[in-house]
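Below: the structure, in structure tokens.
The values are calculated or read from the model by the stated rules, or taken from the named source; none is laboratory data. Only a predicted model underlies this, so the values are computations on that prediction, with no experimental measurement involved. Neighbour counts run over all protein chains shown; Cβ positions are idealised from the backbone, glycine included.
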Amino acid sequence: MGIFDFLSGQFIDVIHWTDDTRDTLVWRFEREGHEIKYGAKLTVREGQAAVFIHEGQLADVFTPGLYMLETNNMPIMTTLQHWDHGFRSPFKAEIYFVNTTRFTDLKWGTKNPVMLRDPEFGPTRIRAFGTYSVRVTDPARFMTEIVGTDGEFTTDEISFQIRNVIVQESSRVMAASGIPVLDMAANTADMGKLIAAKVSEVLADYGMQMPEFYIENISLPPAVEQALDKRTSMGLAGDLGRFTQYSAAEAMTSAARNPAGGGMAAGLGAGMGMAMGSQMANPGYVQGPWGASPQPQAASPAAAQPAPPPPPPVEHVWHIAKDGKTSGPFSKADMGRMAADGSLGRETHVWTPGQDGWKTADEVQELAQLFTILPPPPPPGA
């Protein structure tokens, strides 16, 4: 064995890549002049793929394993190089290692609100944000469509494009779902799966896939959230009186937080709260900028009819106690005749249903009037 055979056996090329950056998708194996020795050892670890580029043309793709770079396991490279059997000189090729593991906890969000038609609130704007994960499923397509000749390709270089695809598909899915805004929180898992499937269809053209997609929050505009809070407060307030007190307290609290308003703002807020309560209590008035004013209403047939008279008062009947015996009942007219003929006097004990015990006639206001038209008995000795 000659010295050159000995040296060629000792200096064996070892090609491999270990990554600890956690965000590198593609890394190019650097070699002076891109010369790779024939028979070199190529190590491709789990979660990786090695792509060979020869003179700008994609040649072989190696999956995880240990390879001796020879003609028998590089069919495309062998064809491109026109190697004869036993050719052992170095060959020129660029080797790119592609990370095929999942890249998780990537952020997404709607930069602008998504317009949709809610069945309860009508046209509404919402925002959403969450996380997602991606992975390379076709290293050859990913190299030709996205990476090109970039020697170190990271997730930051493609995350912007992926987020644009996510926002487009998520906006379309949420707007077409028909789910009320208040019920979307209960359906985020199903919507996330649907959005991930739609986004994966687009990413398939890049040689990528989105295995996970999460919607962490769906929020409404501040004005809509304030309206919901007010509606909830009304429900908690219960009756109109409590709601009026609550509104007045809210107005005074807001005025106290505004130093420029002072006491005038507090009084104005309290007045508005009371006016709101009066308006809700009297639906025939509307609240204008200068107070409540009558609201015109269409006359109805029922409103044109006069109100029925009130029912007549219930007439009392009376019982008389005299000499240990009771008599009656007597009407007020009977009592008047008896007062006129002297059989009913001021000291006569009378009783009517609902009265607390027996009383003298002059102690009952209704019967005392009967004696005012008669002169009192003459004084003794007159």
Next item on the list: Search segment 42-67 for residues that are touching a residue at least 12 places away in the same chain (Cβ under 8 Å) and pair each with any residue that is surrounded by fewer than 14 Cβ atoms within 10 Å (Cβ to Cβ) and part of a strand (DSSP E or B) when their beta-carbon atoms are under 6 Å apart and the residues are at least 6 apart or on different chains.
Entry: Thr43/Leu66; Val44/Gly65
Next item on the list: Give me a count of the residues in segment 327-370 that are assigned to a helix (DSSP H, G or I) and of a type outside the set (Asp, Glu).
Entry: 14
Next item on the list: Taking the residues in segment 185-201 that are surrounded by 15 or more Cβ atoms within 10 Å (Cβ to Cβ) and free of Cβ contacts under 8 Å to residues at least 24 places away in the same chain as candidates, determine which candidate is nearest to Val224 (Cα to Cα).
Entry: Asn187
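Any idea which residue in segment 82-100 is nearest to Tyr38 (Cα to Cα), counting only those that are assigned to a strand (DSSP E or B) and at pLDDT below 80? Even if it seems obvious, please write down each step before you answer.
Initial filter on segment 82-100 (assigned to a strand (DSSP E or B)): 91-92, 94-99.
If we keep only those that are at pLDDT below 80 too, we end up with 91-92.
Working: Phe91: 7, Lys92: 10 Å.
In this case the residue turns out to be Phe91.
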Notebook entry, point to check: Which pairs do you get when a residue that is surrounded by 15 or more Cβ atoms within 10 Å (Cβ to Cβ), found in segment 170-184, comes within reach of a residue that is among the basic types (Lys, Arg), reach meaning Cβ atoms under 8 angstrom, with the pair 6+ apart or on two chains?
Noted result: Val173/Lys198
Margin query: Six or more apart or on different chains, Cβ atoms under 8 Å: show the pairs whose first residue is in segment 227-247 and over 18 Å from Leu182 (Cα atoms) and whose second is modelled with pLDDT of 65 or more and aliphatic (A, V, I, L, M).
Written below: Phe243/Met234
Check: Which one of these is surrounded by 16 or more Cβ atoms within 10 Å (Cβ to Cβ), touching a helix residue (DSSP H, G or I) at 6+ places or on another chain (Cβ under 9 Å) and acidic (Asp, Glu): Glu145, Glu212?
Finding: Glu212
Notebook entry, point to check: Right, Met210: of a type in the set (A, V, I, L, M, F, W, C), closer than 27 Å to Gln48 by Cα and part of a strand (DSSP E or B) or not?
Noted result: yes
